[in-house]
Amino acid sequence: MVWEGVPKRLKNAQMCDVLGSLYLDLTQELAMLSKSFQADDLPISSVRANVEVTSISLRGYLEQPGPHLQHVETELVVEPEKTLYREVELSSIGDADVQKFHADLRKTVQRVLDCIEERFSSFSEDEVLLATDIFDPTNIPRNDKDALAQYGTREVTVLADHFKDVLDHQGCDITQLQREWLKLKLEIARNHSGEGFLSLWRRVISEKGNKFPNIIHLVEIVLVMPVATSQVERQFSTIKRILGDWRLKLGVKMNEVLLRICSDGPEPDDFVPKRSVARWYAKSIVGRRPDCTQLSNKQNTPDRDVDNR
């Protein structure tokens, strides 16, 4: 049977090393990178920083074992006649097998690194994506006036040239971008120190957008750039919960409304339903309203009287 060889494989010392390094160490690094992409307020500059951290960590495994593999090797007890791991006797391996394992491990790590660098190369090479870093508030100089004056000047030009057609269509005065950018970064450095990426731009757009009507166009373009797909995947999961087996007849418009409420609406504990219920009762289809009007306004049929009792 196919299962007969499994216990023998699990007692192989090389198998313990593979499980300890490849499955745990490498996948843990990739899992942390993937989790970092699930944040809703993820600026493009953070994508590059997170990828660099993961790449550096993985390159470290080329020279020395990861924490899980180190733990496995610490637990191994090598004796002249047998090898034990947590009191379980393993099949012994020779020096040639150990060298082959480490060579295969380095190849695996290098392949993972090559895939990561190929997948995210545009974040470190594309001139437009690099230019979007200027809108990350953590990058704005705060104590050096000369550095602040020069900060982002070239990047604004790069973005304006790339999105010129869009800006012209929206009525943006491109000649005013540099002046408004100077005023905007001074405003951020003085009054918005320490604010997060998304909260900062939400506040600037909603409260001070009229002060920077042109540069705000560039900010909004950067904000809608699709950095990750986690938000889209969550929307699909929400749609599946909304529809279900009992709501297959919901129209597209109603699905969009319910999806918007679930995604952007208040938390259930903070929601006050009185106004919504009153509006629904006043404007909904009569047949869908609950039968809760005063008894004096209804016809006193025998069945209704019985129900009221």
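The values are calculated or read from the model by the stated rules, or taken from the named source; none is laboratory data. Here the structure is a predicted model, which is why all the values come from computation and not from measurement. Heads up, the Cβs are rebuilt from the backbone with ideal geometry, glycines too, and the neighbour counts pull from every protein chain shown. Keep in mind that these areas ignore ligands, DNA and RNA; they rest on the heavy atoms of the full protein, side chains included. Shrake-Rupley method; radii C 1.70, N 1.55, O 1.52, S 1.80 Å.
Given the residues Q170, Q150, Q231, Q176, which is the only one that is open to solvent by 60 Å² or more (accessible area, probe 1.4 Å) and in contact (Cβ under 8 Å) with a residue 60 or more places away in the chain?
Values: Q170 fails: in contact (Cβ under 8 Å) with a residue 60 or more places away in the chain; Q150 fails: in contact (Cβ under 8 Å) with a residue 60 or more places away in the chain; Q176 fails: in contact (Cβ under 8 Å) with a residue 60 or more places away in the chain.
Result: Q231 is the single residue among Q170, Q150, Q231, Q176 that is open to solvent by 60 Å² or more (accessible area, probe 1.4 Å) and in contact (Cβ under 8 Å) with a residue 60 or more places away in the chain.
Kindly indicate the residue of the stretch 31-48 that is surrounded by 15 or more Cβ atoms within 10 Å (Cβ to Cβ) and among the aliphatic types (A, V, I, L, M) and also nearest to the chain's Cα centre (by Cα) among those meeting that condition. Steps first, answer last, please.
Taking the stretch 31-48 as the starting set, the residues that turn out to be surrounded by 15 or more Cβ atoms within 10 Å (Cβ to Cβ) are 33, 36-37, 39, 42-48.
Still in the list and also among the aliphatic types (A, V, I, L, M): 33, 39, 42, 44, 47.
On the way: L33: 10, A39: 3, L42: 6, I44: 11, V47: 10 Å.
By that ranking, first place goes to A39.
Are there any pairs with C-beta distances below 6 angstrom linking a residue in the stretch 198-212 that is without any contact (Cβ under 8 Å) to a residue 12 or more places away in the chain and more than 11 Å from I188 (Cα to Cα) to a residue that is open to solvent by less than 100 Å² (accessible area, probe 1.4 Å) and of a type outside the set (F, W, Y), with the two at least 6 apart or on different chains, and if so which?
Final answer for the pair search is G209/I216.
State which residue pairs qualify: first residue open to solvent by 30 Å² or more (accessible area, probe 1.4 Å) and inside the stretch 53-66, second residue assigned to a helix (DSSP H, G or I) in any location, beta carbons under 6 Å apart, and separation of 6 or more residues or different chains.
S57/E29; Y61/V109; L62/R106; L62/V109
Of all helices (runs of 4 or more DSSP H) completely enclosed by the stretch 55-148, which ones contain at least 1 residues that are at pLDDT 85 or above? Spell out the reasoning first.
On the way: elements: 67-75, 95-119, 121-125, 127-131.
Filter on the stretch 55-148 gives 95-119, 121-125, 127-131.
Answer yes or no: is there a residue in the stretch 271-287 that is under 29 Å from the mean Cα position of the chain (by Cα) and at pLDDT 80 or above. I'd like the intermediate steps shown before the answer.
Step one: of the stretch 271-287, the residues under 29 Å from the mean Cα position of the chain (by Cα) are 271.
From what is left, the residues that are at pLDDT 80 or above are 271.
Within the stretch 271-287 (the criterion being under 29 Å from the mean Cα position of the chain (by Cα) and at pLDDT 80 or above), the answer is yes, since at least one residue qualifies.
Report yes if some residue within the stretch 208-224 is basic (K, R), open to solvent by 40 Å² or more (accessible area, probe 1.4 Å) and either closer than 20 Å to R142 by Cα or not in a helix (DSSP H, G or I) (or both); otherwise report no.
Start the filter on the stretch 208-224 by keeping residues that are basic (K, R), which leaves 208, 211.
Within this subset, residues satisfying the condition of being open to solvent by 40 Å² or more (accessible area, probe 1.4 Å) are 211.
Narrowing the set further to residues that are either closer than 20 Å to R142 by Cα or not in a helix (DSSP H, G or I) (or both) leaves none.
Scanning the stretch 208-224, I find no residue that is basic (K, R), open to solvent by 40 Å² or more (accessible area, probe 1.4 Å) and either closer than 20 Å to R142 by Cα or not in a helix (DSSP H, G or I) (or both), so the answer is no.
Which members of the stretch 184-207 meet the condition of being open to solvent by 70 Å² or more (accessible area, probe 1.4 Å), within 23 Å of V224 (Cα to Cα) and either in a helix (DSSP H, G or I) or modelled with pLDDT of 90 or more (or both)?
The answer is R202, R203, S206, E207.
Please tell me if I216 is under 26 Å from V51 (Cβ atoms), β-branched (V, I, T) and within 29 Å of the chain's Cα centre (by Cα).
Numbers: under 26 Å from V51 (Cβ atoms): no; β-branched (V, I, T): yes; within 29 Å of the chain's Cα centre (by Cα): yes.
For I216, the condition - under 26 Å from V51 (Cβ atoms), β-branched (V, I, T) and within 29 Å of the chain's Cα centre (by Cα) - is not met.
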